[in-house]
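Read through the structure below, which is laid out as structure tokens, and then see the notes.
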Amino acid sequence: MIKAKAYAGFDAKSDLKPYAFDRRDVGDTDVHIEIKYCGICHSDIHTVRDEWGGAVYPLVPGHEIVGTVVKVGSQVKKFKAGDLVGVGCMVGSCGSCENCKNHLEQFCTKVATFTYNSPEADGNTTKGGYSDNIVVNEKFVLKVPTNLKLQEVAPLLCAGITTYSPLKHWKIGKNDKVGVIGLGGLGHMAVKLASSMGAHVVVFTTSPNKKDDALKMGAHEVVISKNADEMQKQAGSFNFIIDTVSAPHDLASYMAMLKIDGTLCMVGVSPQPHQIASGALIFGRKSLSGSLIGGIAETQEMLDYCGEHNITCDIELIPVQKVNEAYTRVLKSDVKYRFVIDMQTLKDS
Ligand code: NAP
Ligand code: ZN
């Protein structure tokens with residue numbers, strides 16, 4: 001077994017605390033990674049606080065992982081010691097169902113193994129990236145671009161792919177007007193990616209103090225969603241809106257922003273269900289849709305795209321000892337625009 005140091009949640013209410021556990025030994029097809037940086041996704045908070053149900057404690061969150069390969073199994077072809085690599089939200093899937101064969105492992109019909117809080121074949125529960133090392137099957141390890149700052153690449157492994165995938169699926173390009181609801185971790189990546197694809201990008205935010213940042217990231221307009229006049233001016237004008245909000249909010253006002261045949265795509269996972277009247281969809285033949293991360297091949301495509309276009313995340317680097325403070329700030333929408341943990345600081349715990 002391999003010793004790991006980590007930070008874990010021990011119940012839904014308490015702060016995360018230091019935790020030590022064992023990782024499995026490196027199997028023939030495994031890659032052993034020393035974790036350098038791990039982003040803090042809002043999903044980590046939903047999960048640790050058991051807002052979606054099913055939390056298994058001690059729970060080590062973290063699925064925006066970058067680091068260096070320490071060792072590879074005897075049959076690993078793609079990686080060698082010293083390579084810079086990333087691990088995102090998944091570490092396994094059946095590999096044989098229709099969705100896996102179509103590179104949509106996130107929709108594996110036998111259920112993908114997620115990077116943390118997911119049952120494993122040996123009866124353990126996966127433990128994520130708020131730790132100093134991880135052992136992952138090579139199929140779920142990504143090559144990260146070497147021309148970008150490693151700590152700014154980490155959040156691409158979830159925030160990047162979760163916004164890239166729907167933008168590609170809905171074929172967003174220069175003739176599209178795209179709305180982004182919420183300027184947090186996912187939202188700021190949606191802005192950078194959609195504008196890099198040539199779309200006209202409008203941010204809807206509850207935080208007036210984020211306006212200048214949004215424009216610098218590539219947004220063309222910023223709407224303060226609490227301002228009814230500003231909202232009214234945008235009515236009926238969007239092809240596509242991506243909704244990254246982590247809490248309940250009024251969807252009808254955003255359906256009203258869509259043109260005929262427009263799509264509102266949910267990526268935010270509010271723990272409470274939303275309500276929507278049928279009329280909000282049928283007047284204008286509009287679609288309410290959703291999207292979950294992205295497959296492994298598409299995640300690699302996204303990382304390569306970001307390398308080519310020099311796209312990284314705006315981050316605040318923190319020591320692991322500040323993780324609970326960071327959670328409090330994320331919950332207050334006070335994040336600019338992703339917290340990333342420097343895993344070297346685990347040595348001081
Ligand atoms: P985040 O950094 O906290 O960003 C969420 C943003 O939503 C906030 O910064 C805020 O932006 C806005 N917001 C928060 N509460 C709001 C409220 N009550 N009403 C209106 N706006 C509000 O979170 P994140 O890491 O980007 O994640 C966002 C959501 O996506 C989470 O639910 C997460 O679990 C989910 N997620 C889904 C997937 C997927 O595959 N579908 C993947 C990763 C994450 P403003 O200050 O600009 O208003
Ligand atoms: Zn995430």
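The values are calculated or read from the model by the stated rules, or taken from the named source; none is laboratory data. Quick caveat: nothing in here was measured; it's all calculated off a predicted structure. In this analysis, Cβ positions are derived from the backbone assuming ideal geometry, glycine residues included, and neighbour counts consider all displayed protein chains. Heavy atoms of the whole protein, side chains included, go into the accessibility calculation; ligands, DNA and RNA do not. Shrake-Rupley method; radii C 1.70, N 1.55, O 1.52, S 1.80 Å.
Couple of notes before you dig in:
- Hits in segment 85-102 (condition: open to solvent by 30 Å² or more (accessible area, probe 1.4 Å) and out of contact with any helix residue (DSSP H, G or I) (no Cβ under 7 Å at 6 or more places or on another chain)): GLY95, SER96, GLU98, LYS101, ASN102
- Residue check for ASN239: near ligand 1 (Cβ under 9 Å from one of its atoms) and more than 22 Å from the chain's Cα centre (by Cα): no
- Where a residue in segment 14-31 is open to solvent by less than 40 Å² (accessible area, probe 1.4 Å) and its partner, wherever it lies, is hydroxyl-bearing (Ser, Thr, Tyr), with Cβ under 8 Å and at least six apart: LEU16/TYR7; LEU16/TYR130; LEU16/TYR327
- Selection within segment 37-76 - under 18 Å from LYS5 (Cβ atoms), part of a loop (DSSP other than H, G, I, E, B) and among the hydrophobic types (A, V, I, L, M, F, W, C): ILE40, VAL60
- Matching entry among LYS192, LYS216, LYS211 (being closer than 22 Å to TYR337 by Cβ, in contact (Cβ under 8 Å) with a residue 60 or more places away in the chain and either of a type in the set (S, T, N, Q) or open to solvent by 30 Å² or more (accessible area, probe 1.4 Å) (or both)): LYS192
- Within segment 127-139, the presence of at least one residue that is assigned by TED's automatic domain parsing to the domain that holds GLN75, hydroxyl-bearing (Ser, Thr, Tyr) and assigned to a strand (DSSP E or B) is confirmed.
- Counting the residues of segment 305-349 that are free of Cβ contacts under 8 Å to residues at least 24 places away in the same chain and not in a helix (DSSP H, G or I) gives 2.
- Per the listing VAL340, VAL335, the residue uniquely touching a Gly at 6+ places or on another chain (Cβ under 6 Å), within 25 Å of MET257 (Cβ to Cβ) and in the same structural domain as LYS149 (by TED's automatic domain parsing) is VAL335.
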